Amino acid sequence: MRIAIGSDHVAIELKAIISAYVNELGHEVMDYGPKTSERTDYPKYGKLVAEAVVGKQADAGILICGTGVGISISANKVKGIRAVVCSEPYSAQLSKQHNNTNVLAFGARVVGSELAKMIVKAWLEAEFEGGRHGDRIKMISDIEEQHLC
Ligand code: RB5
């Protein structure tokens, strides 16, 4: 898969570790920045990665900030994005199987690199189960449609 990755300045080291790991797992990584650890703002990168996913330049996205919270909220503002913030692999796996998440987020101040790798692996390997879960995804999309400005 083509995986778009982005972070903020807090998570730049973990972004490099996770990018290498995602490569090791056999995926292509597209780094949407930032390139340096100079202070920046997580919404920029949440938006860039989310747009890459809905624009189909990438098959899925990974976002990392201090907690994973701000950057996942930012990504979720883009229509069609279902971003989840996880600090353990079980929720990551279920978020794909049941919620068909297309962006995974986590926090560099919350999880260490080895736990982050386990979260990423669980998420990348899980598959959406469809069926009744698909009906619920449709209900989520309907909410999005009802609240377009
Ligand atoms: C940056 O200080 C911090 O707010 C950011 O990395 C993230 O945790 C926000 O949700």
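Read-outs throughout are calculated quantities, based only on the coordinates presented, and are distinct from any laboratory measurement. Quantities reported herein were computed from a predicted structural model and do not represent experimental measurements. Note: ideal-geometry Cβ built from the backbone for every residue, glycine included; neighbour counts use all protein chains shown.
Descriptive notes on the structure:
- Relative intensity, log₁₀ I(q)/I(0), of segment 72-118 from a Debye sum that treats every alpha carbon as a point, q = 0.15, 0.16, 0.22 Å⁻¹: -0.37, -0.42, -0.75
- More than 26 angstrom apart: percent of Cα pairs within the chain: 17 percent
- Reduced Cα scattering model of segment 1-76, Debye log10 I(q)/I(0), q = 0.15 Å⁻¹: -0.42
- Rounded to 5, the percent of DSSP beta bridges in the chain classed as antiparallel: 0 percent
- Amide H contacts for Thr101 (H built 1.01 Å from N in the peptide plane; partners 5 or more residues away or on another chain; cut-off under 5 Å): Lys96.
- Each residue of segment 72-87 is assigned a 3J(HN,Hα), and the resulting list reads 6, 4, 4, 4, 5, 6, 8, 4, x, 8, 10, 9, 10, 9, 10, 10 Hz, derived from the Karplus form 6.51 cos²θ - 1.76 cosθ + 1.60 (θ = phi - 60°), x at Gly and Pro.
- Remark: segment 21-27, residue by residue, has Karplus-estimated 3J(HN,Hα) of 5, 5, 4, 4, 6, x, 9 Hz, where x stands for each Gly or Pro and the curve is 6.51 cos²θ - 1.76 cosθ + 1.60 at θ = phi - 60°.
- Rounded tilt (10° steps) of 42-54 against the dominant C-alpha axis of the chain: 50 degrees
- Expected 222 nm ellipticity per residue - DSSP helices of 4 or more, -39500 (n - 2.57), all of the chain, to 500: -14500 deg cm²/dmol
- Where labels lie 7 Å past Cα in the beta-carbon direction, separation of Glu125 and Ser113 in nm: 2.1 nm
- Nearest 10 degrees, 0 to 90: helix 132-146 Cα axis against the chain principal axis: 90 degrees
- For Val111, no residue has an amide H sitting under 5 Å from its own, ignoring neighbours fewer than 5 places away on the same chain, with H placed 1.01 Å from N.
- Among 108-115, 60-67, sorting by the average number of other beta carbon atoms lying within 10 angstrom of each residue, highest first, gives 60-67, 108-115.
- Cα-based reach from Lys77 at 18 Å (exclusive), listing lysines while leaving out same-chain residues under 8 positions away: Lys44, Lys47, Lys56, Lys138
- Per-q log10 I(q)/I(0), segment 40-124, q = 0.10, 0.21, 0.27 Å⁻¹ (Debye; single scatterer per alpha-carbon; no solvent): -0.20, -0.89, -1.34
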